[in-house]
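Novice: Quick one: this structure, given as structure tokens, is what I'll be asking you about.
The values are calculated or read from the model by the stated rules, or taken from the named source; none is laboratory data. Values in this document were obtained by computation on a predicted structure and should not be read as measured data. Note: ideal-geometry Cβ built from the backbone for every residue, glycine included; neighbour counts use all protein chains shown.
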Amino acid sequence: MICQLYIDWLISGLIKYHDTLKYLALFNLSIILLFTSCVGQNTSTQTTITQANLYQRIQRTAPLYSPVPKPGSRDWLATHKEPGQTFKQYQQTTKPDPEEQKKVFYIQPIGKFNPKQQEILQLTAKYLSIYYQLEVKFLPNIPTSAIPAKAQRKNKYTKQNQILTTYLLYDLLKKNFPKDAALILGLTSEDLYPAASWNFVFGQASLRDKVGVWSMSRFGDPTIKANYNLCLLRTFKTATHETGHMLNIHHCIAYHCNMGGSNHLVELDKKPVWFCPECTTKVCWRKKISPTKRTQELAQFWRKLGFKEYRDFYKRAQKLINK
Ligand SMILES: [Zn+2]
Ligand SMILES: [Zn+2]
């Protein structure tokens, strides 16, 4: 049922966007096909938060979040009908998999990365491990030369090399899925396209196969100091969003939330880095994650990175959850 829904969604999305391709290409925009996971354990500090009261506890953080802003004409919600997905709907369509908690979240690097991109890749792995409370490991790098010519092209507008996402998802990641893997997320600095008719795509994932891929190509050059944080945040947002989709979390319309869709970089940049209470509850419920532990670790992570505003956000969230 879930698989069929996903396939239908993907196919209808591709057909739908074929018609808007010229428009998107003209404005150098893209559709983000994004998808995002998590695991964890209750700790002794979390004795009062149970699966039964998880929703109510996390809902206490609602005042920290903003409503979905009115979309501009090129924004995702102006061009897509999104039904949203409440936590209750998520529970009805998602089967928690206890075995998944014991497995590994693999990151598959594809192609070359400059030293700053490598640094961001390492930070992203750490961020994902906290966000989803999963063990994250890297698979050995796959060079672009190992990808067949039929799965690559030169973009006719940018003249940049691009890799076909469906090849990466189904011929590379799915066929080499390690036995102990919960999910595999491919990351490349090469630009991506999902079908011949598309200009490009930031990322794509398959819920059914638990594989996803995303690109840093259009996130700015992090070797330029002024671009570094922007590239970092774009990568974090995309990685967590993609993984959410792999866990059956649909696009969010409940709040201004990182699980909302993005049509272009400006919209991506405006999105918050965090998931809203509805989406956070889905993450914690699916993997029996302690929201206190996760929130505390996220606050520490942002403090170490020097993002005081985000550290403060998670500190406030933690207080509200424990109130
Ligand atoms: Zn998405
Ligand atoms: Zn949300």
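Novice: Which residues, counting only those in the stretch 293-319, are surrounded by fewer than 18 Cβ atoms within 10 Å (Cβ to Cβ) and aliphatic (A, V, I, L, M)?
Specialist: Leu305
Novice: Can I ask one more? Would you mind stating whether Ala195 is more than 16 Å from ligand 2 (Cβ to nearest atom), buried (at least 22 other Cβ atoms within 10 Å of the Cβ) and closer than 19 Å to Asp171 by Cα?
Specialist: No: the conditions fail for Ala195.
Novice: Moving on to the next point. From Thr188, Thr240, which residue is within 30 Å of Pro63 (Cβ to Cβ) and either β-branched (Val, Ile, Thr) or surrounded by fewer than 23 Cβ atoms within 10 Å (Cβ to Cβ) (or both)?
Specialist: Checking each option against the conditions leaves just Thr240.
Novice: Next question, about the same structure. Kindly evaluate Lys288 against the criterion of being at pLDDT below 95 and surrounded by fewer than 20 Cβ atoms within 10 Å (Cβ to Cβ).
Specialist: Yes.
Novice: Oh, and also: Filtering the stretch 252-292 down to residues that are among the hydroxyl-bearing types (Ser, Thr, Tyr) and within 16 Å of ligand 1 (Cβ to nearest atom), which residue is nearest to the chain's Cα centre (by Cα)?
Specialist: Ser262
Novice: Checking the condition among the hydroxyl-bearing types (Ser, Thr, Tyr), out of contact with any helix residue (DSSP H, G or I) (no Cβ under 7 Å at 6 or more places or on another chain) and over 15 Å from Pro109 (Cα atoms), which residue from Thr188, Thr158, Thr144 passes?
Specialist: Matching residue, one of Thr188, Thr158, Thr144: Thr158.
Novice: Hey, another quick one. Residues of the stretch 50-105 being farther than 24 Å from Asn322 by Cβ and among the aliphatic types (A, V, I, L, M), which ones?
Specialist: Val68, Leu77, Ala78, Val104
Novice: Sticking with this one: Given the criterion closer than 27 Å to Pro98 by Cα, acidic (Asp, Glu) and more than 12 Å from the chain's Cα centre (by Cα), identify the matching residue among Asp171, Asp209.
Specialist: Asp209
Novice: Can you name the residue in the stretch 213-231 that is part of a helix (DSSP H, G or I) and touching a helix residue (DSSP H, G or I) at 6+ places or on another chain (Cβ under 8 Å) and, of all such residues, is surrounded by the most Cβ atoms within 10 Å (Cβ to Cβ)?
Specialist: Cys231
Novice: Restricting to the stretch 237-259, count the residues that are of a type in the set (Ser, Thr, Tyr) and outside any helix (DSSP H, G or I).
Specialist: Result for the stretch 237-259: 1.
Novice: Given the conditions (1) within 16 Å of ligand 2 (Cβ to nearest atom); (2) assigned to a helix (DSSP H, G or I); (3) within 30 Å of Asn161 (Cβ to Cβ), and given that Ser262 satisfies all but one, which numbered condition is not satisfied?
Specialist: Result: Ser262 fails condition (2) only.
Novice: Return only the number of the condition from (1) surrounded by 23 or more Cβ atoms within 10 Å (Cβ to Cβ); (2) over 18 Å from Gln133 (Cβ atoms); (3) away from ligand 2 (no atom under 15 Å from the Cβ) that Lys210 does not satisfy.
Specialist: (2)
Novice: Can you tell which of Arg234, Arg208 is part of a helix (DSSP H, G or I) and within 16 Å of ligand 1 (Cβ to nearest atom)?
Specialist: Arg234
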